[in-house]
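The values are calculated or read from the model by the stated rules, or taken from the named source; none is laboratory data. Note that the structure is a prediction, hence the values are computed from the model and not measured. As a convention, Cβ positions derive from the backbone with ideal geometry for all residues, glycine included, and neighbour counts pool all protein chains shown.
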């Protein structure tokens, strides 16, 4: 099975985690519900790292991810969360083996 994976690491500013989570959770739900090419959009909180939020997203292909990056809900999230984030890094990958399939 093929796919396009995006992993994003956000370090949120101190005291901003709850506000950021409201925004990213809404973006994740909208992406999964409204984008036919979005197969998975998980929001993760690593244990013991209170200001770190991770995303794990799977799309059918790179064009599906590019459509996500142009969506209204993504632009809304990006603008609203900009002041809450201290650092953002991302990695994209080709999905070469899906262990649950």
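Descriptive notes on the structure:
- Residue 6 vs. criteria in contact with a helix residue (DSSP H, G or I) (Cβ under 8 Å, 6 or more places away or on another chain), in contact (Cβ under 8 Å) with a residue 60 or more places away in the chain and either outside any helix (DSSP H, G or I) or exposed (fewer than 15 other Cβ atoms within 10 Å of the Cβ) (or both): yes
- Residue among 63, 46 that alone is part of a loop (DSSP other than H, G, I, E, B) and modelled with pLDDT of 95 or more: 46
- Some residue of the stretch 67-74 being touching a strand residue (DSSP E or B) at 6+ places or on another chain (Cβ under 8 Å), within 19 Å of residue 2 (Cβ to Cβ), outside any helix (DSSP H, G or I) and in contact (Cβ under 8 Å) with a residue 24 or more places away in the chain: no
- Taken over the stretch 62-101, the criterion of being surrounded by 14 or more Cβ atoms within 10 Å (Cβ to Cβ) and more than 24 Å from residue 18 (Cα to Cα) is satisfied by 62, 64, 65, 67, 95.
- Residue satisfying all of: in the stretch 9-25; assigned to a helix (DSSP H, G or I) and in contact (Cβ under 8 Å) with a residue 40 or more places away in the chain; farthest from the chain's Cα centre (by Cα) among these: 19
- In the stretch 26-43, the residues that are assigned to a loop (DSSP other than H, G, I, E, B) and surrounded by fewer than 16 Cβ atoms within 10 Å (Cβ to Cβ): 36
- Condition broken by residue 54, with the remaining ones in (1) touching a residue at least 12 places away in the same chain (Cβ under 8 Å); (2) surrounded by fewer than 19 Cβ atoms within 10 Å (Cβ to Cβ); (3) more than 10 Å from the chain's Cα centre (by Cα) satisfied: (3)
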